[in-house]
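Student: This is the structure I want to talk about, given as structure tokens.
The values are calculated or read from the model by the stated rules, or taken from the named source; none is laboratory data. Since this is a predicted model, take the numbers as computed values, not measurements. Backbone-built Cβ (ideal geometry, glycine too); neighbour counts: all protein chains shown.
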Amino acid sequence: ETATSSRKREHLQICCEQPVEAGDAGFQDVRLVHNALPECDMDAIETKTRFLGATLDSPLFIAAMTGGHPDTLEVNQRLARAAERYNLGMGVGSQRAALEKPELEGSFTIVREEAPHAFLCANLGIIQLRDHGIEWAERAVEMIDAQAIAIHVNSLQEAIQPEGDHNAEGCIEALRNLCREFSYPVIVKETGSGISAGTARVIRGAGASAIDIGGYGGTSWAKIERLRASGPELADLGDAFLSWGIPTVVSLHEVRTAGGPIIATGGLRSGIDIAKAVALGADLGGMALPLLKPAMESDDALSLAIEAMHRELRVAMFLTGSRSIADLRHARTYITGLTRQMIENSE
Ligand code: FNR
């Protein structure tokens, strides 16, 4: 068992057993404007949407979580079955462990076996991309026969985890090289601290096809690493950064200015949040933690969770008079409170 691999198992355990969320993504400050005369048939509402050339049955995206340790196989298997059953897009967790040690590929390859038709996203950290180049990106995509690759950025986590990489130099050039030479779409993804307008422009300028916000207000790596911290120094450091990051709603507002497809992830906790994210400019709404817990339990628990999200999304679409996701994109919102203040200060 490698260090990378055992960390994967530890993360799942912590996320299921302890409180790992921090802050506010801003969705409570957003209201969709109610339409008292929607003039549409709720049961005929179409939630299908397109993303990077694929047609998905709904904008709910199963965000990158796991793989890389034998104990994570079952969770990935259930998530993949759900992706296939509901025709949802799905990201796998970082494939680093399996790229370092091919014996660990099984917990990733199971995803394509269970979801032969789903839109799948490979996943690699930008540090690994910089250090190993395009070859690792190619192997990651091939491992699960993915349609796209997400390159995750997680400077906060790197800064506060004991085994973290503190040197982020050379990452933008590595990204530019990948986008130029790779034959699959590249998505740049944060993991809980959000992306600003300026960073979004750098990402788009490097040639990336899409951005996954990974905003603040949902699962917190400061909190997870704080719970894993072996000594008081890193624990205090984790504590100090518990409220660091750009809330998802604010980040969404910033990233839209750079153009291009967007996945909003970070603190989405209901189908209404997905509807809000789409109305605010996202193409897809990604969820990690809310799907992880039922996926650890059973296929049925996961199906129930997904169907509840879909019911909420459909009712929110009905009550905004949105017959399609294209209509929902034009739904009006009221934005209040801290979120409004931050948006007023954004680019
Ligand atoms: C994650 N996330 C993540 N992201 C990524 O790009 N690569 C990864 O390997 C992981 N691993 C991972 C493990 C676990 C257990 C969780 C809960 C999350 C981040 C995830 O995709 C998402 O961006 C954030 O969790 C925010 O969404 P939620 O959890 O607030 O819905």
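Student: Would you check which residues across segment 274-308 are closer than 20 Å to Met65 by Cα, part of a helix (DSSP H, G or I) and within 14 Å of the ligand (Cβ to nearest atom) and list them?
Tutor: Selection gives Ile274, Leu289, Pro290, Leu291, Leu292, Lys293, Pro294, Ala295, Met296, Ala305, Ile306.
Student: Out of segment 167-193, which residues are assigned to a helix (DSSP H, G or I) and either more than 29 Å from Ala22 (Cα to Cα) or away from the ligand (no atom under 16 Å from the Cβ) (or both)?
Tutor: Going residue by residue through segment 167-193, those that are assigned to a helix (DSSP H, G or I) are 171-181.
Residues satisfying the conditions are Ile172, Glu173, Ala174, Leu175, Arg176, Asn177, Leu178, Cys179, Arg180, Glu181.
Student: In segment 174-231, what residues are buried (at least 23 other Cβ atoms within 10 Å of the Cβ), over 12 Å from the mean Cα position of the chain (by Cα) and polar (S, T, N, Q)?
Tutor: Matches in segment 174-231: Ser220 only.
Student: Also: Using the structure shown, decide if Arg269 is of a type outside the set (Val, Ile, Thr), at pLDDT below 95 and within 16 Å of the ligand (Cβ to nearest atom). Reasoning before the result, please.
Tutor: On the way: of a type outside the set (Val, Ile, Thr): yes; at pLDDT below 95: no; within 16 Å of the ligand (Cβ to nearest atom): yes.
It is false that Arg269 is of a type outside the set (Val, Ile, Thr), at pLDDT below 95 and within 16 Å of the ligand (Cβ to nearest atom).
Student: Determine whether segment 23-33 contains at least one residue that is within 12 Å of the ligand (Cβ to nearest atom), among the acidic types (Asp, Glu), surrounded by fewer than 23 Cβ atoms within 10 Å (Cβ to Cβ) and not in a helix (DSSP H, G or I). Walk me through how you get there before you give the answer.
Tutor: Restricting attention to segment 23-33, the residues satisfying the condition of being within 12 Å of the ligand (Cβ to nearest atom) are 23-25, 27.
From what's left, among the acidic types (Asp, Glu): 24.
Adding the requirement that they be surrounded by fewer than 23 Cβ atoms within 10 Å (Cβ to Cβ) leaves 24.
Checking the rest, the ones that are also not in a helix (DSSP H, G or I) come to 24.
For segment 23-33, residues within 12 Å of the ligand (Cβ to nearest atom), among the acidic types (Asp, Glu), surrounded by fewer than 23 Cβ atoms within 10 Å (Cβ to Cβ) and not in a helix (DSSP H, G or I): present.
Student: Let me ask you something else. Which numbered condition in (1) within 21 Å of Cys16 (Cα to Cα); (2) out of contact with any Leu (no Cβ under 7 Å at 6 or more places or on another chain) is the only one that Gly205 fails?
Tutor: Going through (1) within 21 Å of Cys16 (Cα to Cα); (2) out of contact with any Leu (no Cβ under 7 Å at 6 or more places or on another chain) one by one, Gly205 breaks only (1).
Student: Another question, then. Check Ser270, Ser303, Ser322 and return the single one that is in contact with a Leu (Cβ under 6 Å, 6 or more places away or on another chain), within 21 Å of Ile45 (Cβ to Cβ) and polar (S, T, N, Q). Steps first, answer last, please.
Tutor: Values: Ser270 fails: in contact with a Leu (Cβ under 6 Å, 6 or more places away or on another chain); Ser303 fails: in contact with a Leu (Cβ under 6 Å, 6 or more places away or on another chain).
On inspection, the qualifying residue turns out to be Ser322.
Student: Just for strands (runs of 3 or more DSSP E) wholly inside segment 46-119: which have at least 1 residues that are out of contact with any Asp or Glu (no Cβ under 9 Å at 6 or more places or on another chain) and more than 21 Å from Gly266 (Cβ to Cβ)? Break it down into steps so the answer makes sense when it comes.
Tutor: Values: elements: 49-51, 54-56, 60-62.
Fully inside segment 46-119 and qualifying: 54-56.
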